[in-house]
Amino acid sequence: MRSVRIPADRVGTLIGKKGETKKALQERSGVKLDINTEDGEVTIHDEVELEDPVMGLKMIDVVKAVGRGFNPDKAMRLFNDDEYLEVIDIKEFVGDRSSQVPRVRGRLIGKDGKTRRIIEDLTGCDMVVYGNTVSLIGNSISLPVAKHAVELILRGSEHATVYHYLESQRPMLRIAEMGFDI
């Protein structure tokens, strides 16, 4: 039995309309969830005998992903093998200047979501900026590329530099998509 706390405003998303999302997660994983709607505490009952013993750990990541702003359908990618969640704390890059967080969030998203869309399209990762974090879901090849791009932006690199980096990684990502080891 493990527990994860998610923001109170994300509890409804995790439960879903008439409990549909919670039910779908439980059916897909075989893991029972108890969700405390008051404080956002989610208890994951993974002590049962599961077909996939790693499913309890995957469920923790799915719950964390929903808590960090992902749509539950996108978070369910984490049930697949070789799909991982990466959460980056924006405050680690802006330090004590919390007034910089909204500016940096804006840089990560870009005008009309352009920067986020380019990172997602060129890497195949899903990206969400929520609160003081930016979260990514991707595979073992694309996730490090997307994470590096996000960190470049967080460190103040120009968008053109980041886009150039992403473009330079495309051939490697395409080869990986075909299933060849790099």
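Every number here is computed from the coordinates shown, using simple stated rules; none is lab data. Keep in mind that this is a model prediction, so the values were computed, not measured. Heads up, the Cβs are rebuilt from the backbone with ideal geometry, glycines too, and the neighbour counts pull from every protein chain shown.
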From the Cα centre of the range 105-145 to that of the range 30-49, the distance in Å is 28 Å
Residue-normalised 222 nm signal for the chain, counting each DSSP H run of n ≥ 4 as -39,500 (n - 2.57), nearest 500 deg cm²/dmol, is -14000 deg cm²/dmol
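Stretch residue 91-residue 24 to full length: gain in nm at 0.36 nm per residue minus the Cα-Cα span?
This chain segment gains 20.7 nm when fully extended.
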When 38, 177 are ranked with the fewest other C-beta atoms within 10 Å first, the list becomes 38, 177
With +1 on the Cβ of every Lys and Arg and -1 on the Cβ of every Asp and Glu, the dipole magnitude of the range 84-177 about its Cα centre, in debye rounded to the nearest 20, is 280 debye
Per the charge dipole of the chain (beta-carbon charges, Lys/Arg positive, Asp/Glu negative, Cα centre), the residue among 176, 85, 12 reaching farthest to the positive end is 12
Residue span residue 41 to residue 160: 0.36 nm per residue of separation minus Cα-Cα distance leaves a gain in nm of 38.7 nm
Note on the chain: alpha-carbon gyration tensor, axes a ≥ b ≥ c; rule is a/c under 1.5 for rounded, else prolate if a/b larger than b/c, else oblate; result oblate
Across the chain, qualifying lysine pairs (alpha carbons under 15 Å, at least 8 places apart or different chains) come out at 8
Farthest towards the positive end of the dipole of the chain, among 136, 69, 156 and with Cβ unit charges of +1 on Lys and Arg and -1 on Asp and Glu, lies the Cα of 156
Volume per residue (Å³) of the convex hull spanned by the alpha carbons of the range 4-87 is 83 Å³
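Calculate the translational D of the range 22-68 in whole µm² s⁻¹ from Stokes-Einstein, where the hydrodynamic radius comes from the Kirkwood formula applied to all Cα pairs, the temperature is 20 °C and the viscosity 1.002 mPa s.
For the chosen part, D equals 197 µm²/s.
Rounded to the nearest 20 Debye, what is the dipole magnitude of the chain about its Cα centre when Lys and Arg each give +1 and Asp and Glu each give -1 at the C-beta?
Here the chain has a charge dipole of around 880 debye.
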Nearest 10, in degrees from 0 to 90: the angle of helix 20-29 to the longest Cα principal axis of the chain is 90 degrees
